[in-house]
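The structure appears right after this line, and notes come after that.
Bear in mind these aren't lab numbers, they're just calculated from the coordinates by the rules spelled out. Note that the structure is predicted; figures quoted are calculated from it, not measured. Virtual Cβ from ideal backbone geometry, glycine too; neighbours counted across all protein chains shown.
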Amino acid sequence: MAKVVKLTESDLNRIIEKVLLEAEEDKPFEKGKFGVRASRSRADYTPTPKESEIIDSLFGKYSDDIPPIVMRYLRKIGRKTLTKRLIDLNLLDLDTIMDEFDVKE
């Protein structure tokens with residue numbers, strides 16, 4: 001026995017939009033030159049100017065050992081957050097920072 005389903009035009013449009021959105025979500029990576037795919041695979045990775053600066057000044061000769069996704073994370077994390085985390089890990093001494101850079105509490 002065949003079932004008859006009646007759809008309005010708006011119902012049909014919603015179904016089509018939903019199918020199209022699901023098809024776009026199946027794509028595993030972001031679009032664009034600096035999308036997520038580039039940050040996961042070294043072969044596809046082209047650093048942004050800010051990432052190049054981080055690579056050169058922070059990691060130096062060891063930059064080839066750092067995964068691209070770490071570069072993206074360092075570019076996006078705030079300076080205060082990064083500094084606080086380094087202090088919490090005892091990798092930075094707060095007194096040294098205050099004296100060396102004339103930072104006021």
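Give me VAL5, VAL70 ranked fewest to most by other Cβ atoms within 10 Å of their Cβ, as a rough exposure proxy.
Values: VAL5 5, VAL70 15.
The fewest-first ordering by Cβ neighbours comes to VAL5, VAL70.
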*At what distance in nm do the modelled label points of LEU74 and LYS3 sit from each other, each positioned 7 Å from its Cα along Cα→Cβ?*
5.7 nm
*Quick one: Karplus J couplings for the stretch 48-53, per residue in order, coefficients 6.51, -1.76, 1.60, θ = phi - 60°, nearest Hz, x for Gly and Pro?*
6, x, 5, 5, 4, 5
_Simple spin-label estimate for LEU82 and SER10 in nanometres, 7 Å along Cα-Cβ_ = 5.0 nm
